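Any read-out appearing in this document is the output of simple, stated calculations on the displayed coordinates, not a laboratory observation. In this text the structure is predicted, and so the values were computed from the model without any measurement. No Cβ is skipped: glycine too gets one built from the backbone with ideal geometry, and neighbour counts run over all protein chains shown.
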Amino acid sequence: MTKSRYSPRLGVDIRIKPDVKLEPSVKVRPCGIAGCREEGAFRVPKSREALSTYVWLCLAHARAHNEKWDYFAGMSEAEIERFRNEATVGHRPTWPLGKRAAGLSGGSGTYHVEDGYAIFAEADTDLTPRRPQRVLTRLQRQAFDILNLDCSATLNEIKARYKELVKRFHPDANGGDRGAEERLKQVIKAYGVLRASGLT
């Protein structure tokens with residue numbers, strides 16, 4: 001029996017429904033064996049060639065499947081031995097240690113390397129390391145210009161140029177000539193900018 005109650009705030013009757021307990025509808029996966037009416041709650045692989053494809057079986061049929069399952073059925077002793085050796089490295093390709101030129105063009109190795117991006121191409125014989133590309137501010141670029149250096153100069157190059165210019169423009173090094181004093185101040189300021197930005 002339902003009750004009705006007037007709600008002054010809403011201005012409508014609120015009907016309270018009786019408590020009704022409904023059984024939840026649960027879908028049961030049937031066993032994969034024809035004629036079996038049990039629930040297929042256990043998955044087993046279809047075959048050795050399709051290990052990621054499963055059949056859902058009931059407990060009794062899953063036990064029977066596992067008892068007769070033989071992964072190596074139909075394989076020769078040599079195939080089983082090769083599988084066992086490859087399993088030690090997770091079935092991934094490997095090369096003997098010390099064979100750095102394995103499969104490379106001009107190398108003495110007998111292994112082949114897939115080079116889809118032409119990383120080991122013969123045309124790219126320049127093995128000198130490339131200097132990193134820096135993103136510089138205007139002040140940092142001016143500092144490199146004052147020191148007469150390329151923006152990709154290394155730490156040692158920046159320090160060597162700084163020492164060279166300080167020795168050249170310092171009044172003690174050029175016989176007390178104060179004409180280069182302004183240039184010396186610019187060099188010291190430029191080095192300070194690079195040092196503060198972590199480039200030295």
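A compact table of results
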quantity: Local net charge near TYR54, Cβ-Cβ under 13 Å (Lys/Arg +1, Asp/Glu -1); calculated: +3
quantity: Cα gyration tensor shape for segment 138-196, rounded if a/c is under 1.5, else prolate or oblate; calculated: prolate
quantity: Rg/Rh ratio calculated on Cα atoms of segment 29-94 (Kirkwood radius); calculated: 1.12
quantity: Other-chain or far-sequence residues with amide H under 5 Å of VAL55's (modelled H); calculated: VAL44, LYS46
quantity: Sum of side-chain charges, GLY176 neighbourhood, beta-carbon under 15 Å (Lys, Arg +1; Asp, Glu -1); calculated: 0
